[in-house]
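A.B. asks: There's a structure below that I have some questions on.
The values are calculated or read from the model by the stated rules, or taken from the named source; none is laboratory data. A quick note: this is a predicted structure, and the numbers were derived from the prediction, not measured. We place every Cβ from the backbone using ideal geometry, glycine too, and count neighbours over all the protein chains shown.
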Amino acid sequence: MESLIQTATKFAPQLLILAFLAIVFLQSGIDKLTDWKGNLSFLKDHFGKTFLKNSVPLMLGVIMLGELIIGVLSIIGIIQIYTSGTMVMGFYATIIAAKVLLALLLGQRIAKDYVGAMTIVVYFMVTVFGVYLLA
């Protein structure tokens, strides 16, 4: 079995991307969970002039669940790399993250929040690179 330092060195890009995804998505998912009303209010206003306005609570719940799953899978992926050298769970985390980010991107474009959409592209690029590295 490789030492922790050897594993950390050998899989540094994968581990860093999974740590990044864990931080981003767990923080976001936990924020939605602990401040549901605040997030719901903001998003109802954000999507108020779109055809999505009546779907905001459902969309918020689905995105929150996805974010929490991504965060947990990312942590499991990190543990899996250290314990077995395999990257299956990390790969699943990146695939789900890419899908959630695409959903967020679509929402931002529909809401005509082009600056918000542009921000998501940065996260998406890191995530797609993670898909590539963990495949």
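A.B. asks: Test residue 111 against the stated conditions and say whether it is among the small types (Gly, Ala, Ser), modelled with pLDDT of 95 or more and farther than 16 Å from residue 135 by Cβ.
C.D. replies: For residue 111, the condition - among the small types (Gly, Ala, Ser), modelled with pLDDT of 95 or more and farther than 16 Å from residue 135 by Cβ - is met.
A.B. asks: Does residue 108 satisfy the criteria of being farther than 19 Å from residue 14 by Cβ and not small (Gly, Ala, Ser)?
C.D. replies: Yes.
A.B. asks: Output the qualifying pairs, or none if there are none: Cβ atoms under 9 angstrom, residues six or more apart or on different chains, first residue in the range 123-134 and free of Cβ contacts under 8 Å to residues at least 60 places away in the same chain, second residue among the β-branched types (Val, Ile, Thr).
C.D. replies: The qualifying pairs are 128/94; 131/94; 131/95; 132/94.
A.B. asks: Let me ask something else. Take the residues of the range 8-30 that are closer than 11 Å to residue 68 by Cβ and not aliphatic (A, V, I, L, M): which is nearest to the chain's Cα centre (by Cα)?
C.D. replies: Here the residue is 25.
A.B. asks: Against the definition (surrounded by 14 or more Cβ atoms within 10 Å (Cβ to Cβ) and closer than 21 Å to residue 100 by Cβ), how does residue 58 come out, yes or no? Please lay out each step first, then the result.
C.D. replies: Details: surrounded by 14 or more Cβ atoms within 10 Å (Cβ to Cβ): no; closer than 21 Å to residue 100 by Cβ: yes.
When the stated conditions are applied, residue 58 does not pass them.
A.B. asks: Let me ask something additional. Kindly indicate the residue of the range 1-40 that is part of a helix (DSSP H, G or I), hydroxyl-bearing (Ser, Thr, Tyr) and over 24 Å from residue 99 (Cα atoms) and also modelled with the highest pLDDT among those meeting that condition. It would help to see each step written out before you state the result.
C.D. replies: Within the range 1-40, the first condition is being part of a helix (DSSP H, G or I), and the residues that meet it are 4-10, 12-34, 36-40.
Checking which are hydroxyl-bearing (Ser, Thr, Tyr) leaves us with 7, 9, 28, 34.
Within this subset, residues satisfying the condition of being over 24 Å from residue 99 (Cα atoms) are 7, 9.
Numbers: 7: 91, 9: 94.
In this case the residue turns out to be 9.
A.B. asks: Checking residue 86 against (1) among the β-branched types (Val, Ile, Thr); (2) more than 18 Å from residue 25 (Cβ to Cβ); (3) not in a loop (DSSP other than H, G, I, E, B), only one condition comes out false. Which one?
C.D. replies: Failing condition for residue 86: (3).
A.B. asks: On to the next question. Please find, among 70, 63, 120, 96, the residue that is in contact with a Phe, Trp or Tyr (Cβ under 6 Å, 6 or more places away or on another chain) and crowded, with 17+ Cβ neighbours inside 10 Å.
C.D. replies: Result: 70 is the single residue among 70, 63, 120, 96 that is in contact with a Phe, Trp or Tyr (Cβ under 6 Å, 6 or more places away or on another chain) and crowded, with 17+ Cβ neighbours inside 10 Å.
A.B. asks: Further question on the same structure: Inside the range 49-77, can you point out the residues that are more than 30 Å from residue 14 (Cα to Cα) and in contact with a helix residue (DSSP H, G or I) (Cβ under 9 Å, 6 or more places away or on another chain)?
C.D. replies: 50, 51, 52, 53, 56, 57
A.B. asks: Name the single residue, out of those in the range 41-55 being part of a loop (DSSP other than H, G, I, E, B), surrounded by fewer than 12 Cβ atoms within 10 Å (Cβ to Cβ) and not small (Gly, Ala, Ser), that is farthest from the chain's Cα centre (by Cα).
C.D. replies: The residue in question is 49.
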